[in-house]
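Below: the structure, in structure tokens.
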Amino acid sequence: MTAYEPFIAEATQDRVAVYPGTFDPITMGHLDIIQRALHLFDRVIVAVAKNPAKTPTFSLEERLAMIRACFPGGDPRVEVASVEGLLVDYAYRRGAKALIRGMRAISDFEFEFQMALMNRRLEREVETVFLMTAFRWIYISSSIIKDAARHGGDVSGLVPDHVCERLREKFMKAPAAEPEPRP
Ligand code: COA
């Protein structure tokens, strides 16, 4: 075997990334990160963490279904799976070279930096790749969207339409009424 053969073998393999999160629920910001990760990787595994620490509003099955519904007919480059335990172990088992994380604001930095360093310590074969969240989604998070929806706020455009519908059902609110014209 020549010295460069392992590099050729690696170069011809699919480049796989894992995009982990709670996705409670998926937002347009998350979808933007998935689309952009697909420019860099051949396949992206959207890994939905059970995350009991966060007591999610939507069950794991609901969160998986909402993400899958974002790819009607399925996209062979995108897999949606649930994940439990250490993320880097999961990524390594799935042959992924990278964990994708979206970075929104400075406030995300400290936690993400800590997590990336810990993950690197746990598994050196898996790199963390940060993608800057598109400017138009920089202020949104799943919590803030749920908070607005819970109080009857209109969150259309910030989440896919089917997620908007699920939020409405979850919080049993009628669609936001058109404001009354001022006299
Ligand atoms: N657009 C919009 N919102 C975004 C976003 C983007 N591009 N990127 C992040 N967010 C928001 C999410 O909506 C979420 O908002 P919320 O807190 O209101 O729900 C928040 O940023 C961060 O959530 P998320 O990216 O889902 O991460 P998390 O903090 O819930 O953690 C895991 C999820 C999977 C990364 C974490 O639980 C984990 O690592 N679990 C495995 C255990 C492990 O390996 N631990 C060792 C790590 S060192």
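The values are calculated or read from the model by the stated rules, or taken from the named source; none is laboratory data. Just so it is clear, the model here is predicted, and its values are computed rather than measured. Counting neighbours? That spans all protein chains shown, and the Cβs are built from the backbone with ideal geometry, glycine included. Protein only, heavy atoms only, side chains kept; ligands, DNA and RNA dropped before computing areas. Shrake-Rupley method; radii C 1.70, N 1.55, O 1.52, S 1.80 Å.
Amide H contacts of Val80 (H built 1.01 Å from N, in plane; Pro and chain starts excluded): Val46 sit under 5 Å, all sequence-distant by 5 or more or on other chains. Its Cα centre serving as origin, region 18-69 has a Cβ charge dipole (Lys and Arg +1, Asp and Glu -1) of approximately 80 debye.
With protein chains left intact and a 1.4 Å probe, residues in region 9-163 average 54 Å² of accessible area per residue. Compared with the dominant Cα axis of the chain, that is its longest principal axis, helix 106-122 is turned about 30°.
For region 42-102, relative contact order (Cα pairs under 8 Å, six or more residues apart, normalised by length) works out to 43 percent.
Inter-part distance, region 93-107 to region 16-72, computed on C-alpha centroids, equals 12 Å.
Using a probe of 1.4 Å on the protein chains alone, the accessible area found for Lys54 is around 130 Å². Which residue, Ile138, Ile45, Ile100, has the most motion in a Gaussian network model of the chain that connects Cα atoms within less than 10 Å? Comparing Ile138, Ile45, Ile100 in a Gaussian network model of the chain, the most mobile one is Ile138. Full extension of the chain between Leu122 and Arg94 gives 8.5 nm of extra length, using 0.36 nm per residue less the Cα-Cα distance. Once you order the gyration tensor axes a ≥ b ≥ c over the Cα atoms, which shape class does region 38-81 get: rounded for a/c under 1.5, otherwise prolate or oblate by comparing a/b with b/c? Note, shape of region 38-81 comes out oblate. Distance between the pseudo-spin-label points of Asp154 and Met132 (7 Å out from Cα toward the beta carbon): 3.1 nm. Dipole magnitude for region 72-183: computed about the Cα centre from +1 point charges on Lys and Arg Cβ and -1 point charges on Asp and Glu Cβ, it is near 120 debye. Any idea what angle helix 161-171 forms with the longest principal axis of the chain, computed on alpha-carbon atoms, 0 to 90 degrees, nearest 10? In the chain, helix 161-171 runs at an angle near 60 degrees to the longest axis. Backbone geometry of region 125-136 corresponds, through the Karplus equation with coefficients 6.51, -1.76 and 1.60 at θ = phi - 60°, to 3J(HN,Hα) couplings of 6, 10, 8, 9, 10, 9, 10, 5, 4, 4, 3, 5 Hz, x marking Gly and Pro. Lysine pair count for the chain with Cα-Cα distance under 21 Å and sequence separation of 8 or more or different chains is 6.
Stokes-Einstein diffusion for region 9-163 at 10 °C, viscosity 1.306 mPa s, with a Kirkwood radius from C-alpha pairs, works out to 98 µm²/s. Each helix, a run of at least 4 DSSP H residues, gives -39500 (n - 2.57); summed and divided by the residues of the chain, these come to -12000 deg cm²/dmol at 222 nm. Between Phe171 and Arg68, the FRET efficiency estimated from the beta carbon spacing at R0 = 30 angstrom works out to 0.85.
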